[in-house]
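Asks: Below you will find the structure I want to go over with you.
Each value in this text was obtained by applying a stated rule to the coordinates, not by laboratory testing. Here the structure is a predicted model, which means the values were calculated and not measured. Every residue, glycine among them, receives a Cβ derived from its backbone with ideal geometry; neighbour counts consider all protein chains shown.
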């Protein structure tokens, strides 16, 4: 069974955010999340909830599988 790799999620989230030209604060505000959550996810200190993954996927127009490292597109 494949394990959840927080570092892959964090790297992908950070890259999507930078590609969109927004900071952690802006992203947190847009999605009604805390700044700390965004920071913790990007650094791999915490795992996101299913709802957070959903919100991020919709916001960035990517699949949840991509964010979670299950797909490369």
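Asks: Please verify whether the stretch 47-54 includes one or more residues that are in a loop (DSSP other than H, G, I, E, B), without any contact (Cβ under 8 Å) to a residue 60 or more places away in the chain, loosely packed, with under 12 Cβ neighbours inside 10 Å and touching a helix residue (DSSP H, G or I) at 6+ places or on another chain (Cβ under 7 Å). Steps first, answer last, please.
Replies: Taking the stretch 47-54 and keeping what is in a loop (DSSP other than H, G, I, E, B), we get 47-49.
Now restrict to residues that are without any contact (Cβ under 8 Å) to a residue 60 or more places away in the chain: 47-49.
The next check asks that each one be loosely packed, with under 12 Cβ neighbours inside 10 Å; those that pass are 49.
Then drop every residue that is not touching a helix residue (DSSP H, G or I) at 6+ places or on another chain (Cβ under 7 Å), which leaves none.
No; the residues of the stretch 47-54 include none that is in a loop (DSSP other than H, G, I, E, B), without any contact (Cβ under 8 Å) to a residue 60 or more places away in the chain, loosely packed, with under 12 Cβ neighbours inside 10 Å and touching a helix residue (DSSP H, G or I) at 6+ places or on another chain (Cβ under 7 Å).
Asks: Can you find, within the stretch 32-45, the residue that is surrounded by the fewest Cβ atoms within 10 Å (Cβ to Cβ) among those that are under 11 Å from the mean Cα position of the chain (by Cα) and either in contact (Cβ under 8 Å) with a residue 12 or more places away in the chain or not in a helix (DSSP H, G or I) (or both)?
Replies: So the first thing to find is which residues in the stretch 32-45 are under 11 Å from the mean Cα position of the chain (by Cα), and the list is 37-44.
If we keep only those that are either in contact (Cβ under 8 Å) with a residue 12 or more places away in the chain or not in a helix (DSSP H, G or I) (or both) as well, we get 37-39, 41-44.
On the way: 37: 18, 38: 24, 39: 16, 41: 23, 42: 20, 43: 12, 44: 14.
If we take residues in the stretch 32-45 being under 11 Å from the mean Cα position of the chain (by Cα) and either in contact (Cβ under 8 Å) with a residue 12 or more places away in the chain or not in a helix (DSSP H, G or I) (or both), then 43 is surrounded by the fewest Cβ atoms within 10 Å (Cβ to Cβ).
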